[in-house]
Structure formats: structure tokens, C-alpha cells
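Scroll down for the structure; my scribbles are underneath it.
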Amino acid sequence: MKKYSIFTLAGHALGRHRSWSRAWRDPTPKSSYDVVIVGGGGHGLATAYYLASEHGVTNVAVVEKDWIGGGNTGRNTTIVRSNYLWDEAAHLYEKSLVLWESLSQELNFNVMFSQRGVMNLGHNLQDMRDIYRRSNANKLNGIDSEILTAKKISEIVPIINTSPYARYPILGASFQRRGGIARHDAVAWGFARAADSLGVDILQDCEVTAVRRNNGRVEGVETSRGFIGAKKIGVVAAGHSSVIAEMAGLRMPIESHPLQALVSEPIKPILHTVVMSNAVHGYISQSPKGELVIGAGVDSYLGYGQRGSFSTIEGNIAAIVELFPIFSRVRMLRQWGGIVDVCPDACPIISKTSVDGLYFNCGWGTGGFKATPGSGWVFAHTIARNEPHGLNAAFGINRFVSGALIDEHGAAGVAH
């Protein structure tokens, strides 16, 4: 892998940028691999990268039915934070946040991670009790957290409506300064380029149509490009995880919902942090290009369509205008929907299964993007060593049998 630097950029500029090499290869599938990762989003590519870089497992293929990063990685609002309530989730997301902080340097690819802070607003006494509880829990777990008054909020975000006469008056907020946003497609491209340089084959336009198993263990996957043998298969297919599970004869305790987001026309920099409100029901940030990036909750119905209902959009816009009347005349540029897979306790499954050599990483709901590097790191450990890392041991599929659920609906924020 040729190292990107200011000198290579300047050199290619002199040549009018006509001699850049491909960021990753377009290989022909081998007949078999040690590990096949199903799903070429951020989590799948991160898993492949950490399998190669942390565990020396380089005979790996990532199979993606479309193009890499075209699923949920490219269909979210790119918020990164680790201020979850329960110890298990907080430690997992904090591991991910630590990896985010040096990810551009590690991958030699600018993922545009901007630590501009994430603010969670409280509008009533119960909100504030929950905020104090979560903030204190974060501090006990070594995670940065502050409590802000309405006056302090208005100093950080002068354009927000902190009037005591607002329909939902702002009483305070929690604030994680290390949280922020990143560039979604850069994350996929950075992991793909780094994994490819370590020998990982990235196979796009390669749809899995069946999982072949024999005597209780996997043999490989049938794909639109032929059969590919595998000693181990890791499934990281986000909203379609239950579809792949059914191919292997498993039933996952997850539901798939559309989750919408939308962006405005670009405007001058005016919002310098991420603002979330569970009660008013919306979250917003401003991208480096100037677009307002807006999201809210999932559509209530189940489905695999990458679209959503207009009523959800209408409610989302109304919530943001309630908080920011100044945005009432900003025009929306585009809208999209992803497919999120949601577990009953709003926490992921990162686990071995009852089929030898078959592993699943799914059920992230709306928390997937922020966990991308940490998810890949622990899933690579689980696949390479055939046992979970301490950080994901509590996220096994058997918790839905034992009853040891984690339940992060509150800290999952607006969307659940």
C-alpha cells in the first residue's frame, strides 16, 4: 500500500492526478478462504482488517452483494459517542471511541473524525434525573461526561431556543466533548484499502444466496459468483442479518425497521456540536460541507425497503424547528433510509452460534456507525480465537435464553 502524505499529494497534483493507483484490488474469488466475511460495510471491513492486522489471519474474503459501504454505513447520521448507561455497553462503545481517535493515522486515510461534542438535552425533571444518572455512570466507567445548565447550553449553541416559554423548555443537558461525527464513506474506504494491503480479498457484486453446512459446521457460501469454501464465516449484514441466518437454519431475535435521515442545503457554519433530544425527538449536526444532518426514530413497521414514511419526516422536521426556529426556512436537499436490525434489549449480538464456524455480528439498531472500529475489533477476536473477547462476552446470542439482557433503550437515545 502506497502511503498517503502531503508529498504524494503534491507529486500527483503536478501530474494532474492521472496516475493514482487503485485503492484496493478487484480480485477473482478463490475456491476457498480461511474466513469469509458476509457484508462489506464498515463493520465487515473492520473485522477483516483486524483479523489480518491483529491476528495474522490474511486468507480472508469480504463478500458484498452491491458496493462496499453502500448499506447502512452510507445511510446514517455519522454520530460517534460512548455515553451509554450500562457497564457492558459503555465499555464496548468506549473501546470504539478510543479506536476512532487514532483511526485516520492507523489506516493512513482521513476518516474526518471531528470531536465536536455530543449534547443530550433534558426538558423535564425526569429527563434531568436520567441525565444525572447516566452521566454519573459514565464517570464511574472512566468516560468523559459533563452536566450543562440551560445558560451554558446557550453559550455553546447560541442559536438553540432556550426560552423558558418554549413548548419543551430546555432545563439542561449532558455533554460528551470527545464525541462527534465522521465521514461515513471514508470509513469504509479506509478499512477496505488497509485490509486489501494486508491480503484481504474484497469481492463486490457478490451476493450470498445460501450457506452450506455439513454435520453441524459450515463449509462455505453459495454466491452469485459461484461457491466459495470457508473454514469460518462471519456475518455482518446489518438489516439483512436475519435473511442470512435463515439460510443457515437459524432464527435471530431481531426485527428490521427503516430508519430515515435527511440533509439540508449547505449553509455557512453555524452549528458546532451534535444536539440530541429524546423528548422532542430529533438529533442534528452540521457536516463539514455545511449541510444540516438530521435524524429521529425508526419507522414503526417492519421491512427491508430503504425508504420510509412521510409522517416520520414531518415529525422529525417539526422537532428540529421546535429546538431551532432559525432553521425553519432552510430547504431540505435529500432524504434516505437505511435498514436497522433491532434486538429486544437494544444491544447487539456479537457471538458464536450453534453451527461450528458460523459467527454473527448484528442487532446494532441505530448504534452501529459509532461502534464500527470497536465492533470489528472484538468480532475479529471472536472469529480468530473462537471465543468472545471480554468486551463482547455479554453480547452473546444465549442471553435471550438466559435472560441476562442489557437493555440500553434509554441511552440508545432518540431512535428506540
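The values are calculated or read from the model by the stated rules, or taken from the named source; none is laboratory data. Keep in mind that this is a model prediction, so the values were computed, not measured. Every residue, glycine among them, receives a Cβ derived from its backbone with ideal geometry; neighbour counts consider all protein chains shown. Just so you know, the surface numbers come from the protein's heavy atoms only, side chains and all, with ligands and any DNA or RNA stripped out. Shrake-Rupley method; radii C 1.70, N 1.55, O 1.52, S 1.80 Å.
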Task: Amide hydrogen neighbours beyond the local backbone of ALA230, cut-off 5 Å, H modeled - done: TYR33, GLY220, VAL221
Task: Rounded if a/c under 1.5, otherwise prolate or oblate - the range 81-192, Cα gyration tensor axes - done: oblate
Open item on the list: Using only Cα atoms and rounding to the nearest 10 degrees, what angle (0 to 90) does helix 310-323 make with the longest principal axis of the chain?
Closed with: 50
Open item on the list: So, taking all protein chains as they sit and a 1.4 Å probe, how much accessible area belongs to THR149, in Å² rounded to tens?
Closed with: 80
Task: For the range 268-283, Karplus couplings with θ = phi - 60° (6.51, -1.76, 1.60), whole Hz, Gly/Pro x - done: 5, x, 9, 10, 10, 8, 9, 10, 10, 9, 5, 5, 6, 6, x, 9
- [ ] Note down the magnitude of the dipole of the chain about its Cα centre, charges +1 on Lys and Arg C-beta and -1 on Asp and Glu C-beta and zero elsewhere, to the nearest 20 debye.
- [x] 940
Task: In order through the range 287-300: 3J(HN,Hα) via Karplus (6.51 cos²θ - 1.76 cosθ + 1.60), integer Hz, x for Gly, Pro - done: 6, x, 7, x, 6, 7, 9, 10, x, 8, x, 6, 5, 6
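Taking the Cα centre of the range 24-139 as origin, work out the dipole magnitude from +1 charges on Lys and Arg Cβ and -1 charges on Asp and Glu Cβ, in debye rounded to 20. Show your work: numbers first, answer last.
Details: 11 positive and 12 negative charges, 64 e Å.
Result for the range 24-139 is approximately 300 debye, rounded to the nearest 20.
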- [ ] Find the centroid of the Cα atoms in the range 53-90 and in the range 122-194, then give the distance between the two in whole Å.
- [x] 23
Open item on the list: Amide H of ALA210 versus every other amide H placed in the peptide plane: which residues, excluding those fewer than 5 positions away on the same chain, fall under 5 Å?
Closed with: GLU222
Task: Residue-count net charge about HIS12 - beta-carbon cut-off 12 Å; Lys, Arg +1, Asp, Glu -1 - done: +3
Open item on the list: Compute, for the range 293-416, the length of the dipole vector about the Cα centre, with Cβ point charges of +1 (Lys, Arg) and -1 (Asp, Glu) only. Units Debye, rounded to 20.
Closed with: 400
- [ ] Report ³J(HN,Hα) in whole Hz for each residue of the range 171-186, in order, from the Karplus equation J = 6.51 cos²θ - 1.76 cosθ + 1.60 where θ = phi - 60°; Gly and Pro get x.
- [x] 9, x, 6, 9, 9, 10, 5, 7, x, x, 9, 9, 8, 5, 6, 5
TODO: Provide ASP130, ASP201, ASP34 ordered by accessible surface of protein heavy atoms (probe 1.4 Å), highest first.
DONE: ASP130, ASP34, ASP201
